[in-house]
Each structure stands twice: as structure tokens, then as C-alpha cells.
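Q: For reference, the structure I am asking about is given below.
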Amino acid sequence: MSPQPIANESRELLVNLSNLLLEQHKLLLDREKAEYEVVNGPIAGPGVFLQLVLGDEHFLWLKNISTMVVEIDEALSRRSTAGQPEADALIAQARELMRPREEGSDFQKRYWHAVQESPDIVILQVRIERLLGI
């Protein structure tokens, strides 16, 4: 067990962040699916879509968000030994990841384009930035 448990304030922030990231992931996934279908035709059902999300290059960049959600959920689980240092590291990682940039990592550039094109994604981005103080 970490000598310094996760503070209630950090725990609440991480729970809220996980929820917002899941919402944003869904919006981005819907956007990427629509783009994919324009080029490749309709996706033949949820099973095929899941396989595409898990393995197709077109959707790969979204793994950054889903991985972050999993890491947050693991840190907050009852069995976790994560403490405040790990919570602080997750928050810092989220602050860096969720900054859309025209020039940056592949994720940040693709995310920047998504933010430019979708009011719904912008609204969630603002909520994420407020939560994270960025």
C-alpha cells in the first residue's frame, strides 16, 4: 500500500475525469466510424466494428483515451495499492494527453482536428479542461 492514500479530492477528480473521457471516447468513436464508412462502406454489425476498433489503424489512436480510462479505474479500484503519487501522475498524464495540438503527438494532432470539426467534442473538451485546470 502506498504510504499516502489517494485524497478524496483527487479521487473525485479522477472519477469525473474517467466519466468525461468515456463520453469523449464515444463521440470520437462515432466520428471515426462515420469517416471509416465513407471510405470503406457500411460496417457489417457490432462484432465487425469491435474488431475494427481493436485492430484497424484508423481507430488505433483512440486507444490512448481508453487506456487512460482503464488506468484510472485500476487506480481507484478497491484492490488497488495506488496512492496519491500515482493519482497525481495520472492527472498530469491526462493534462498532457487531453491537450489538442496542431503540432504534437499523433493523438494530439488527430484530436485537434476532431475538436475543430465537432461542437459536441468541443463542449466535452471544455469540460475536461475545466476539470483538469488546463
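Q: Looking at Ser18, Ser10 in this structure, which one is out of contact with any strand residue (DSSP E or B) (no Cβ under 8 Å at 6 or more places or on another chain), assigned to a helix (DSSP H, G or I), among the hydroxyl-bearing types (Ser, Thr, Tyr) and farther than 23 Å from Arg110 by Cβ?
A: Values: Ser18 fails: farther than 23 Å from Arg110 by Cβ.
After ruling out the rest, the residue left standing is Ser10.
Q: Continuing with this model, one more query. Just name the residue that is surrounded by the most Cβ atoms within 10 Å (Cβ to Cβ) out of those in the stretch 1-24 that are of a type in the set (Ser, Thr, Tyr) and within 12 Å of Gln84 (Cβ to Cβ).
A: Just the residues of the stretch 1-24 that are of a type in the set (Ser, Thr, Tyr), to begin with: 2, 10, 18.
Right, trim to within 12 Å of Gln84 (Cβ to Cβ) and you get 2, 10.
Values: Ser2: 13, Ser10: 19.
Restricting to residues being of a type in the set (Ser, Thr, Tyr) and within 12 Å of Gln84 (Cβ to Cβ), the top hit is Ser10.
Q: If you scan the stretch 84-123, which residues turn out to be closer than 20 Å to Ile72 by Cα, among the small types (Gly, Ala, Ser) and buried (at least 18 other Cβ atoms within 10 Å of the Cβ)?
A: Answer for the stretch 84-123, where residues must be closer than 20 Å to Ile72 by Cα, among the small types (Gly, Ala, Ser) and buried (at least 18 other Cβ atoms within 10 Å of the Cβ): Ala87, Ala94.
Yes/no per residue for (1) among the basic types (Lys, Arg); (2) at pLDDT below 95; (3) in contact with a Leu (Cβ under 7 Å, 6 or more places away or on another chain):
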{"position": "Glu12", "(1), (2), (3)": "no, no, no"}
{"position": "Phe49", "(1), (2), (3)": "no, yes, no"}
{"position": "Val70", "(1), (2), (3)": "no, no, no"}
{"position": "Leu76", "(1), (2), (3)": "no, no, yes"}
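Q: How many residues does the stretch 55-90 hold that are within 15 Å of the chain's Cα centre (by Cα) and not acidic (Asp, Glu)?
A: Within the stretch 55-90, the subset within 15 Å of the chain's Cα centre (by Cα) is 59-74, 90.
Cutting the leftovers down to not acidic (Asp, Glu) gives us 59-70, 72, 90.
The number of residues fulfilling the criteria is 14.
One line per residue, one yes/no per condition, for (1) in contact (Cβ under 8 Å) with a residue 24 or more places away in the chain; (2) more than 16 Å from Arg11 (Cα to Cα):
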| position | (1), (2) |
| --- | --- |
| Leu29 | yes, yes |
| Glu32 | yes, yes |
| Val39 | no, yes |
| Val53 | yes, yes |
| Leu90 | yes, no |
| Lys109 | no, yes |
| Ala114 | yes, yes |
| Val126 | no, yes |
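The values are calculated or read from the model by the stated rules, or taken from the named source; none is laboratory data. Remember, predicted model here, so these are calculated numbers, not experimental data. Neighbour counts are summed over all protein chains in view; Cβ atoms, including those assigned to glycine, are modelled from backbone coordinates with ideal geometry.
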